[in-house]
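Working notes for the structure below.
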Amino acid sequence: MRLANKVVVVTGGSRGIGEAISIKFAKEGAKIVVNGFGDEKFSGSSKLVVEKIKAFGGNAIAFDCDISNKDHTVQMFDAAEAEFGRVDILVANAGICPFEEFLNIDEDLLDKTIGVNQKGFFFCAQEAMKRMVSMKIKGRIIVTSSVSSIFGGELQAHYCSTKGAVNQIMKSIAIAAGRYGITSNAVLPGTVITDINKKELTQTPELLDYFIKRTPIGRLVEPEDIANAMLFFASDESAGVTGTTLTVDG
């Protein structure tokens, strides 16, 4: 129960890594605001994750919104405070990675990727920090970045650029927020099987085999592996850690 009675907003909390984080944190005693958007396209939804959490006695609410819209972001934090009274931890996990050849990335796709991955994190972190400072909460701001922010990717120029920006935003927040006792850190997953790539990897055995063979631990990391790293940054155990990127890629 390392997060007993903490209130956590998890963006992109309705599936994949976000769902694993939402459930893991709820089992550690946190009250969760599960954010999702466009879930009708996927098997999971924010409401289904809330049902899973409540099934084991956890406490959670769903709030679907577009985090690239600042007004929506404010409404989400308003809803969190209305239900639970405050926000102690932000896990900015929402992100998109539409694979595309560099020469085929148009302005609309670039803007959409920047909107969700970069602006979405910026707006959420800004709103979270504002409220933490106002309530004198020594909170946590954690973002899901990517190893692609370091290595780049042939079909991910738009995505990689946003994740590189996310790392720098995170470090800047750590400097700005430290005086208030608020920490800011990032987890950098490697290849994780989620809704983003599940179809491509499971239907192309040679591709899945390639990723596994290049991973020293002999398997791809699971969403739960990422959730465990997030839990460290969310807990009191990481009180002296800020402005840090932690790679979790096997």
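The values are calculated or read from the model by the stated rules, or taken from the named source; none is laboratory data. Since the structure is predicted, the reported quantities are computational estimates derived from the model, not experimental observations. No Cβ is skipped: glycine too gets one built from the backbone with ideal geometry, and neighbour counts run over all protein chains shown. Just the protein is used for accessible areas: all its heavy atoms, side chains included, with ligands, DNA and RNA removed. Shrake-Rupley method; radii C 1.70, N 1.55, O 1.52, S 1.80 Å.
Values as computed for the structure displayed
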| read-out | value |
| --- | --- |
| Filtered residues of the range 162-189 (kept if touching a residue at least 24 places away in the same chain (Cβ under 8 Å) and open to solvent by 20 Å² or more (accessible area, probe 1.4 Å)) | A165, I169, K171, I173, I175, A176, G178, Y180, G181 |
| Helices (runs of 4 or more DSSP H) wholly inside the range 154-232 that include at least 2 residues being within 20 Å of G120 (Cα to Cα) | 157-177 |
| Residue tally, condition part of a loop (DSSP other than H, G, I, E, B) and either among the polar types (S, T, N, Q) or surrounded by 24 or more Cβ atoms within 10 Å (Cβ to Cβ) (or both), over the range 89-99 | 3 |
| Given (1) modelled with pLDDT under 95; (2) surrounded by 15 or more Cβ atoms within 10 Å (Cβ to Cβ), number of the condition V33 does not satisfy | (1) |
| Residues being over 17 Å from the mean Cα position of the chain (by Cα) and either in contact (Cβ under 8 Å) with a residue 60 or more places away in the chain or open to solvent by less than 10 Å² (accessible area, probe 1.4 Å) (or both) - total across the range 41-59 | 3 |
| Whichever residue in the range 202-243 is open to solvent by 20 Å² or more (accessible area, probe 1.4 Å), touching a residue at least 60 places away in the same chain (Cβ under 8 Å) and not small (G, A, S) and, among such residues, is farthest from G139 (Cα to Cα) | E222 |
| Residues of the range 190-201 satisfying the condition of being among the hydrophobic types (A, V, I, L, M, F, W, C) and open to solvent by 40 Å² or more (accessible area, probe 1.4 Å) | I193, I196 |
| Within the range 107-151, considering residues that are closer than 19 Å to D66 by Cα and among the aromatic types (F, W, Y), the one most open to solvent (accessible area, probe 1.4 Å) | F122 |
| Qualifying residue in the range 111-120 (condition: of a type in the set (D, E) and part of a helix (DSSP H, G or I)) | yes |
| Selected residue (criterion: farthest from E19 (Cα to Cα)) from residues of the range 100-110 that are in a helix (DSSP H, G or I) and not aromatic (F, W, Y) | L103 |
| Residue check for K27: of a type in the set (K, R), free of Cβ contacts under 8 Å to residues at least 12 places away in the same chain and open to solvent by 10 Å² or more (accessible area, probe 1.4 Å) | no |
